[in-house]
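Below is one structure, written out as structure tokens; the observations come after it.
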Amino acid sequence: MLKLPPRYDEPLPAAFFPASTPLPFSRADFGANFYWGASAAAYQTEGAWQHQGKGPSIWDDFTRRKGVIRRNEHGRVATDFYNRYEEDLDLARGLGLTDFRFSVAWPRVLPEGIGAVNRRGLDYYDRLVDACLERDLRPMLTLYHWDLPSALQARGGWTNRNIVGWFSEYAQIMARRLGDRVPHWAVINEPMVFVGAGHLLGVHAPGRRHLGAFLSAAHHATLAQAEGGRALRALLPDTAQIGTTFSCSYLTPFRPGNSYDQAATRRADALLNRFFVEPTLGLGYPVAELPALRWLLDRYQKSGDEQRMKFNFDFWGVQNYTREMVRFSPWLPLQWASLVPAKQRGVPYTDMGWEVFPESLYHMLKQFGAYPNAPQLIVTESGSAFPDERQGKRVADPARRAFLQAAIGQVLRAKREGVDVGGYFSWSLTDNFEWAEGYGPRFGLIHIDYETQQRTVKDSGRWYKSFLKGETLEATEANPAQQAVNR
Ligand code: IFM
């Protein structure tokens, strides 16, 4: 049977707007220095895949394989951000954002991954940064958002320990060129996703399904995230705020009173939420919960690595979309746990199949903020995908708008309870290429018509704009999701 994606029109299910949302609230509640942004990534938006000397990336290669991406889509044109960045930055400015997060395509700057620099590629990012600054948008630059140069993959990519040095050289090139103008640097985007989906599940580039590849890539990514931080700090000791970003999900046992599910939840938490975070603090990997990681230690960790994995980041980027429910599973050897899909649980879900559960962001901010030496947290991604339709000049997206309002409310809730949260970046500024899902799921505050590349600010974007202008979000009947809560 054809499974239609979920459509949520007003009134929305109550899950969109939890009663814990601290209404009313306005921008002023977050303080004057809070960063208000939106995020994007190179492969998902730039296009121009062979333009002006850019080398191929593993995503250029992976998307050429038949059947790995929905409808065999690819990022060769994407949202044409490479050519249209000024228009998009004008729109971002028009929304009243203070910050814009983008990533650099490593093979655009270094077509072979190392060695000769592609001057035109570097010039492009120079222009992009200047274009942000001209519009009073503070740039946050992510060094690695998954598009590894193919030339480095040919040498083993993340499974080759030399990647730590290759990555450091690349970081230094970017710091030397843009360090005078970029205040916020994010070293790596969501290591667990590109390592896990790319090396264990095989659904992302480079498409490997191998436990050894996963463990070695994971260890080298952990080393690279710290080494990248050190490279940036050495060159930009006074000017840069250096962070890195982590995917995370609030996890609860599927059967709350069941001790097997409870233990499985602790293991899944170690894998999905703690694995890349704790080594930065000098706590090492969560081996007690995941004994299988001894294999990683024995085979890939060298003497001195515990020190090398440490780095005192200025901020952690928290990237959260949903919660997961965990069930004991005898079939998954690494963690003996599986995630029960939202569809099977009968709860509202997004176009990604992810449960609509904005409180997850609050729980993860609390969890990360509870580490004794946690740096400042910045929500560098938060968002939701729903099918949108443009009607003339309008895109009515009540579900995304409510999700955005509720997520911002959950940030305030954590902040009021003492968590040091410095900013909120919505994923994403525009609709874009959603990896294995192609162009189907739409996360943007701005709609893209992929045939004409026409941009249309959605109702969620319009609401964000009025919120950033100072409008208060009231607990009134005017809010469609709140109506559902009040019914
Ligand atoms: O689109 C991705 C992004 O590249 C990384 N974080 C999650 C987003 C939604 O899946």
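The values are calculated or read from the model by the stated rules, or taken from the named source; none is laboratory data. Owing to the predicted nature of the structure, the values given are computational and were not obtained by experimental measurement. Note: ideal-geometry Cβ built from the backbone for every residue, glycine included; neighbour counts use all protein chains shown.
A few points about this structure:
- Of the residues making up the stretch 24-57, those that are more than 24 Å from the chain's Cα centre (by Cα) and among the aliphatic types (A, V, I, L, M) are A28, A32.
- Answer from A78, A14, A92, A32 - the residue that is under 30 Å from N118 (Cβ atoms) and out of contact with any Gly (no Cβ under 7 Å at 6 or more places or on another chain): A92
- Scan of the stretch 341-357 for residues that are assigned to a loop (DSSP other than H, G, I, E, B) and in contact (Cβ under 8 Å) with a residue 40 or more places away in the chain, ordered by number: V347, P348, T350, D351, M352, V356, F357
- Single unsatisfied condition, F194 versus (1) of a type outside the set (D, E); (2) touching a strand residue (DSSP E or B) at 6+ places or on another chain (Cβ under 9 Å); (3) surrounded by fewer than 24 Cβ atoms within 10 Å (Cβ to Cβ): (3)
- Residue match in the stretch 327-340 (condition: closer than 30 Å to P441 by Cα, within 16 Å of the ligand (Cβ to nearest atom), modelled with pLDDT of 95 or more and out of contact with any Pro (no Cβ under 6 Å at 6 or more places or on another chain)): yes
- Conditions (1) farther than 25 Å from N162 by Cβ; (2) surrounded by fewer than 20 Cβ atoms within 10 Å (Cβ to Cβ): number failed by E306: (1)
- Pairing residues of the stretch 1-19 that are over 18 Å from I408 (Cα atoms) and surrounded by 16 or more Cβ atoms within 10 Å (Cβ to Cβ) with residues that are small (G, A, S) and modelled with pLDDT of 85 or more, at Cβ distances under 8 Å and at least 6 apart in sequence or on separate chains, gives Y8/A399.
- Applying the set (1) in a helix (DSSP H, G or I); (2) under 30 Å from I408 (Cα atoms); (3) more than 16 Å from the ligand (Cβ to nearest atom) to R71 leaves exactly one unmet item: (2).
- Single unsatisfied condition, K66 versus (1) in contact with a Lys or Arg (Cβ under 9 Å, 6 or more places away or on another chain); (2) free of Cβ contacts under 8 Å to residues at least 40 places away in the same chain: (1)
- The one condition in (1) in contact with a Leu (Cβ under 9 Å, 6 or more places away or on another chain); (2) within 26 Å of A154 (Cα to Cα) that H74 fails to fulfil: (1)
- Looking only at the stretch 432-473, residues that are in a loop (DSSP other than H, G, I, E, B) and over 29 Å from A32 (Cα atoms) come to 12 in all.
- Some residue of the stretch 311-324 being among the small types (G, A, S), modelled with pLDDT of 95 or more, under 30 Å from G422 (Cβ atoms) and crowded, with 20+ Cβ neighbours inside 10 Å: yes
- Pair list, Cβ < 8 Å and 6+ apart or interchain, from the stretch 407-430 residues that are in contact (Cβ under 8 Å) with a residue 24 or more places away in the chain to residues that are within 16 Å of the ligand (Cβ to nearest atom) and among the basic types (K, R): F425/R101
- For the residues F433, F403, the requirement of being within 16 Å of the ligand (Cβ to nearest atom), within 29 Å of F25 (Cα to Cα) and crowded, with 24+ Cβ neighbours inside 10 Å singles out F403.
- The requirement of being within 30 Å of R71 (Cβ to Cβ), crowded, with 16+ Cβ neighbours inside 10 Å and at pLDDT 95 or above is not satisfied by R394.
- Among the residues listed as D180, D147, D136, the single one being closer than 23 Å to A38 by Cα, charged (D, E, K, R), outside any helix (DSSP H, G or I) and within 16 Å of the ligand (Cβ to nearest atom): D147
- The stretch 223-249, subset more than 21 Å from D99 (Cβ to Cβ) and outside any helix (DSSP H, G or I), residue farthest from the chain's Cα centre (by Cα): P237
- Test for W158: is it out of contact with any Gly (no Cβ under 7 Å at 6 or more places or on another chain), assigned to a helix (DSSP H, G or I) and either in contact (Cβ under 8 Å) with a residue 12 or more places away in the chain or hydrophobic (A, V, I, L, M, F, W, C) (or both): yes
- Residues being among the polar types (S, T, N, Q), over 26 Å from S103 (Cα atoms) and within 15 Å of the ligand (Cβ to nearest atom) - total across the stretch 345-394: 0
- Scanning the stretch 436-456 for residues that are of a type in the set (S, T, N, Q) and either within 16 Å of the ligand (Cβ to nearest atom) or free of Cβ contacts under 8 Å to residues at least 40 places away in the same chain (or both) turns up T452, Q454.
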